[in-house]
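To start, the structure itself, in structure tokens.
Just so it is clear, none of the values below were taken in a lab; they were calculated from the coordinates. Small disclaimer: the values here were computed from a predicted structure and weren't measured.
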Amino acid sequence: TAQQPSAAVDPSYLNLLRWRPVGPARGGRVIAVAGDPVNTFTFYQGTTGGGVWKTDDGGLNWANVSDGFFKSGDIGVIDERMDIELLGRVAEKMPNWQFVMIGPVVKIDENDLPRRANIHYLGGKDYRDLPSYIGRWDVAMMPFAMNESTRYISPTKTPEYLAAGRPILFHGPAYSSP
């Protein structure tokens with residue numbers, strides 16, 4: 001049964017309310033909303049049709065904070081263990097994300113790598129420089145292919161990404177014992 005409205009609220013207050021849309025015009029359906037516990041008028045919302053939006057005035061004005069802003073990356077050899085088709089599809093579907101790939105290309109033809117404006121192949125980097133790259137990412141990723149080379153993989157970069165405080169987007173076989 002539906003609950004009846006509480007009598008604790010004076011119904012005359014409802015006449016004082018003004019209803020208005022609070023999201024951005026291009027947003028679409030809202031996926032998630034988060035408020036800032038310190039700044040009571042600051043909110044963020046993720047939308048299906050337009051990224052992540054922020055307001056500092058309780059919803060009167062919204063600014064897109066995700067276009068060309070989010071960065072994701074992976075460090076390691078780029079070879080048959082990486083799902084390069086998945087990387088290409090995700091980069092196409094998420095043009096406001098930048099995908100930074102650090103590591104040498106081996107065992108596969110470099111011409112087979114997906115090429116998009118938001119995918120950046122930086123080649124190998126000095127190990128002591130890697131924390132500065134990871135520190136610029138919003139998330140780390142591990143786009144493993146589902147094949148014999150990854151069947152029992154246990155990537156050592158998992159604790160490195162977690163130690164850097166980065167969430168991980170993982171694609172590949174589930175961890176299991178042989």
Mind listing the long-range amide H neighbours of Asp83? Cut-off is under 5 Å, sequence gap 5 or more, other chains count too, H placed in the peptide plane at 1.01 Å from N. Phe144, Ala145
Which entries of Lys54/Lys157; Lys71/Lys107; Lys71/Lys157; Lys93/Lys157 show an alpha-carbon separation above 24 angstrom in the structure shown? Lys54/Lys157; Lys71/Lys107; Lys93/Lys157
